[in-house]
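So the structure is just underneath, and the comments pick up after that.
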Amino acid sequence: MKMSPFSCEEVAQAVGGRLRSPAKKQVLTGVSTDSRNLGRQDLFVALRGPLHDAHRFIRPEMQPLPGGVVVEEGRIPPSMSLPMIEVEDTRRALGDLAQWYRSLFQIPIIGITGSNGKTSTKAFLHAALSHHGVTESSPASFNNDIGVPLTLCRLNSKCEYLVVEIGTNHPGEIAHLSHMARPTHGIVTSIGGSHLGHFGSLDAIEREKGALAESLSESGWLFLNGDCPKTSRLGARTKARVVSVGTRPGMTFQIDAISVDAKGTSFAVYAAGFDVSEQVRLPVPGRHQAINAGLAFAAGVCLGADPKMLSRGLEEASLPGMRMAHTTVGS
């Protein structure tokens, strides 16, 4: 899906870079960090890491030539007639560009974080909302300071919802990515020890995940896994309206009658405050998937989608890669 058109001049202004450009105006409709997958109207952002440096792929024989390139200062190759935007740090520039581009859109953007379940919940929410409107989401597990900007660059004038997965490896990442993506709503799937080595304690992980809750405004919704005590506590850290989802009594969206077999998972979901009572069938097995799908269902209801359409979307959901794939072993 192409981005809404933008110019190299706008990129330079958004990232605080210097434009070294031919006189010809160039319209851009995409952003890529992969030199193997470029279009003529793409902006190529040359990232440099500990093992790879994309600047070495910027050469006249690139095919096709992109519409423009973001490079580090002093790294413009000779004999290149492409528009070049010089910046101090291309990785930071990618985030600055995405933050500017996101500001052009006034649509629901749902940020999802959690120690476990965020990619599955993202897939469920994408499938459910796609039955209600044009929905884009993070490809695979694009949830860091490269993946989130590339997800924001999937927005365009036809998009009605964007689902953004937000991950973390170090303290402060979720706050940084939430500031970049400015989600209007949030989902926290769980808080556990999957990144304990980087944070030292579960309380530190709770503080990190809470940054998404703190980023939401009064007009937003925050959806929490009510079966996870630490996740439930995040409701006190947000201005948004809080919705709990779980199997325990007193949840805003009550999950009940979970049944798992080799072909999938079924459950009932009730929300008296929203006059909702629905049966849901998932095409993947796993009791925990009922909570992930329940969070997606609750978000869809609060965003105005028809519960039956959400249920139909969840029934057609497909999880990425080999997540929860069912394999028969032996005879």
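Of everything in region 289-331, what is touching a Gly at 6+ places or on another chain (Cβ under 7 Å) and modelled with pLDDT under 95? Give them in sequence order. Spell out how you get there, then give the answer.
Just the residues of region 289-331 that are touching a Gly at 6+ places or on another chain (Cβ under 7 Å), to begin with: 291-292, 310, 324.
Of everything in region 289-331, just one residue is touching a Gly at 6+ places or on another chain (Cβ under 7 Å) and modelled with pLDDT under 95, namely Met324.
When you look at Gly250, is it in contact with a strand residue (DSSP E or B) (Cβ under 7 Å, 6 or more places away or on another chain) and over 17 Å from Lys122 (Cβ atoms), yes or no?
no
Within region 38-66, which residues are touching a residue at least 24 places away in the same chain (Cβ under 8 Å), assigned to a loop (DSSP other than H, G, I, E, B) and within 25 Å of the chain's Cα centre (by Cα)?
Answer for region 38-66, where residues must be touching a residue at least 24 places away in the same chain (Cβ under 8 Å), assigned to a loop (DSSP other than H, G, I, E, B) and within 25 Å of the chain's Cα centre (by Cα): Leu38, Gly39, Gln41, Ala46, Leu47.
With the condition kept exactly as written, say whether any residue in region 158-165 is under 21 Å from Ala298 (Cβ atoms), charged (D, E, K, R) and either part of a helix (DSSP H, G or I) or not assigned by TED's automatic domain parsing to the domain that holds Gly235 (or both).
Step one: list which residues in region 158-165 are under 21 Å from Ala298 (Cβ atoms), which gives 160-165.
Then keep just the ones that are charged (D, E, K, R); that gives 160, 165.
Next, from what is left, pick out any that are either part of a helix (DSSP H, G or I) or not assigned by TED's automatic domain parsing to the domain that holds Gly235 (or both): none.
Scanning region 158-165 turns up no residue that is under 21 Å from Ala298 (Cβ atoms), charged (D, E, K, R) and either part of a helix (DSSP H, G or I) or not assigned by TED's automatic domain parsing to the domain that holds Gly235 (or both).
Just name the residue that is farthest from Arg312 (Cα to Cα) out of those in region 240-269 that are small (Gly, Ala, Ser) and part of a loop (DSSP other than H, G, I, E, B). Give the steps one after another, and end with the answer.
Filtering region 240-269 for residues small (Gly, Ala, Ser) gives 240, 244, 246, 250, 257, 259, 262, 264, 266, 268.
Those still in the list that are part of a loop (DSSP other than H, G, I, E, B) too: 240, 250, 262.
Values: Ala240: 28, Gly250: 26, Ala262: 20 Å.
Among them, the one singled out is Ala240.
Of the residues that make up region 83-95, is at least one closer than 28 Å to Leu129 by Cβ and either crowded, with 17+ Cβ neighbours inside 10 Å or modelled with pLDDT of 90 or more (or both)?
Within region 83-95, the subset closer than 28 Å to Leu129 by Cβ is 94-95.
Now drop any that are not either crowded, with 17+ Cβ neighbours inside 10 Å or modelled with pLDDT of 90 or more (or both), which leaves 94-95.
Looking for residues that are closer than 28 Å to Leu129 by Cβ and either crowded, with 17+ Cβ neighbours inside 10 Å or modelled with pLDDT of 90 or more (or both), one finds at least one in region 83-95, hence yes.
Name the residues in region 1-37 that are free of Cβ contacts under 8 Å to residues at least 40 places away in the same chain, within 16 Å of Val71 (Cα to Cα) and in a loop (DSSP other than H, G, I, E, B), would you?
Asp34, Ser35
If only one of Ala140, Ala54 is farther than 25 Å from Ala12 by Cβ and of a type in the set (Gly, Ala, Ser), which one is it?
Values: Ala54 fails: farther than 25 Å from Ala12 by Cβ.
From the options Ala140, Ala54, the qualifying one is Ala140.
Taking the stated definitions as given, is Gly264 under 19 Å from Asn116 (Cβ atoms) and either buried (at least 18 other Cβ atoms within 10 Å of the Cβ) or in contact with a Pro (Cβ under 7 Å, 6 or more places away or on another chain) (or both)? Give the derivation first.
On the way: under 19 Å from Asn116 (Cβ atoms): no; either buried (at least 18 other Cβ atoms within 10 Å of the Cβ) or in contact with a Pro (Cβ under 7 Å, 6 or more places away or on another chain) (or both): yes.
Criteria not met by Gly264.
Tell me which residues, restricted to region 49-104, are in contact with a Cys (Cβ under 7 Å, 6 or more places away or on another chain) and more than 17 Å from Gln26 (Cβ to Cβ).
Scanning region 49-104 gives a single hit, Ala98.
Quick check: anything in region 171-192 under 19 Å from Thr119 (Cβ atoms), part of a loop (DSSP other than H, G, I, E, B), hydrophobic (A, V, I, L, M, F, W, C) and touching a residue at least 40 places away in the same chain (Cβ under 8 Å)?
Scanning region 171-192 turns up at least one residue that is under 19 Å from Thr119 (Cβ atoms), part of a loop (DSSP other than H, G, I, E, B), hydrophobic (A, V, I, L, M, F, W, C) and touching a residue at least 40 places away in the same chain (Cβ under 8 Å).
The values are calculated or read from the model by the stated rules, or taken from the named source; none is laboratory data. For clarity, every value in this text was computed on a predicted model and none was experimentally measured. Ideal geometry is used to build each Cβ from the backbone, glycine not excepted, and the neighbour counts take in all protein chains shown.
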